[in-house]
Amino acid sequence: MMPWYALLPLAALAFALGWWACRYASARRSGAAVNELSSDYFRGLNYLLNEEQDKAIEVFLRLAEYNRDTVETHLALGNLFRRRGEVDRAIRLHQHLVSRPNLSEPTKTVALLELGEDYMRAGLLDRAEALFADLVAMNAHAPSALRHLIAIYQHERDWNKAIEHARRLETMTGEDESPMIAQFYCELAERSRQHGARVEARDYLEQAFRCQSDCVRAWMLTGRLHAEDGHHAEAVQAYEAAIGADIAFVPEILPPLLNSYACSQQMDRAERFLRGLLERYHGISPVLALTRLYQQRDGQREAVGFLTGQLRQRPSVRGLMALIDATMDRIEGEARENFLILRDLTRKLLEGQAMYRCSRCGFGAKAHHWQCPSCKSWSTIRPIHGVANE
Amino acid sequence: MRLIVIFVLVFFAAAGLVVGALNAGLVDYDFAFAQVQLPKGAALLAALVLGWLLGGLTAWLGVSLRHRRRKKEAGKKQVHA
């Protein structure tokens, strides 16, 4: 009779085979899942990089269906929806994420931040404000939430709250926000000036100078306040200080500065200042100002001579137009007709030109804005230097 | 393909029947509290099936425990991130 333990080697062999079969099957199963996931992920990424957002959304939606626990995929999808302008879908997705009971606290706050951005994009500023305020109170993603809050208050033109939150952001991150805060004070000063509260306007300007001592806008507003009060000598000083603070704003500052020079009868000082400016500034505005000054003081011939000499050094369409205007009176007949055509042409050329450009986002504007209408950054819109511009 | 599988299954069933018929003798088992006698073929089959099942179970437990541990570690990392 065969002893029972003779079967042990067979049982051990069966054990080994069973163990190996199970491992092989599970490895195949997980490998297939990972391959499918990662190939989908990379396909989605590829669509994103090729700016094919529709296809990317399709792939990511399938990924999210495949693994409902993947919060990152949901967040990426929400972002994509928002960027495509499908804000309602982004809001639904983020709301669904936030309402998940098993979500960890950090992930939940990320979803809340995203939801706040969705609300902002949808124009539901009150809801966005409440969400961001909650995040700041929770001290979760506080710098981002504060930045969004500041953007909301700027949009609502609630400058006092914008200043308060900018200061909080400054203490939280250690980054210098004083140029932006100075702009907020300038907005307050401008509003007070328009309402006739001149003392209040001066107080706000003082605060602006405390934030940024070389704030061009504050200097320009100071000059304007002085000029409106009839204190043209002080206005001249303020405008000159504005040019000293940032020479790029010469085209903006020169017209009121020349007016104050004229009102305070300081035309010699004006000439000296403009002559000095010609050395430092390579635009056409000081040349045109000096031409007008020479025209009034010394006559047309001297003015045209000066302008012609300067145009050789700094060719400019605006300068050419001024030259045509100045010489028009002395020309008659067919040449006059030709000059008229030339003048119309240059005028049309200038009409279509953007005179200012945002140094941050490249937004082109015909008029000057202190805050870029496109990227919302402050003091980045500057005059364009070129033949057809400044 | 299906035909091949059926053929292989029939072959193994026939082989099992033949081996079972040729090994009709009994094997003695003494479990201290009880003594059992089983046919040789049945004992062989039982040893193979039990070995296979135990091997599979061990491997499955090892894999699933490792997966659970990794998932827990990933959750902790997400909280700290």
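The values are calculated or read from the model by the stated rules, or taken from the named source; none is laboratory data. None of the values given here were measured: they were computed from a predicted structure. Note that each Cβ is placed from the backbone with ideal geometry, even for glycine, and that neighbours are counted across all protein chains shown.
Overview of results
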{"read-out": "Qualifying residue in segment B:17-39 (condition: within 11 Å of another protein chain (Cβ to nearest Cβ), in a helix (DSSP H, G or I), surrounded by 13 or more Cβ atoms within 10 Å (Cβ to Cβ) and not acidic (Asp, Glu))", "value": "no"}
{"read-out": "Qualifying residue in segment B:56-78 (condition: closer than 30 Å to residue A:107 by Cβ, β-branched (Val, Ile, Thr), facing another protein chain (nearest Cβ under 9 Å) and surrounded by 10 or more Cβ atoms within 10 Å (Cβ to Cβ))", "value": "yes"}
{"read-out": "Any chance residue A:354 is aliphatic (A, V, I, L, M), touching a residue at least 24 places away in the same chain (Cβ under 8 Å) and touching a helix residue (DSSP H, G or I) at 6+ places or on another chain (Cβ under 8 Å)", "value": "no"}
{"read-out": "Some residue of segment A:82-93 being modelled with pLDDT under 80, away from every other protein chain (no Cβ under 14 Å) and on the phi > 0 side of the Ramachandran plot", "value": "no"}
{"read-out": "Which listed residue, of A:318, A:292, A:272, is assigned to a helix (DSSP H, G or I), closer than 28 Å to residue A:239 by Cβ and at pLDDT 90 or above", "value": "A:272"}
{"read-out": "Test for residue A:303: is it small (Gly, Ala, Ser) and under 30 Å from residue A:180 (Cβ atoms)", "value": "no"}
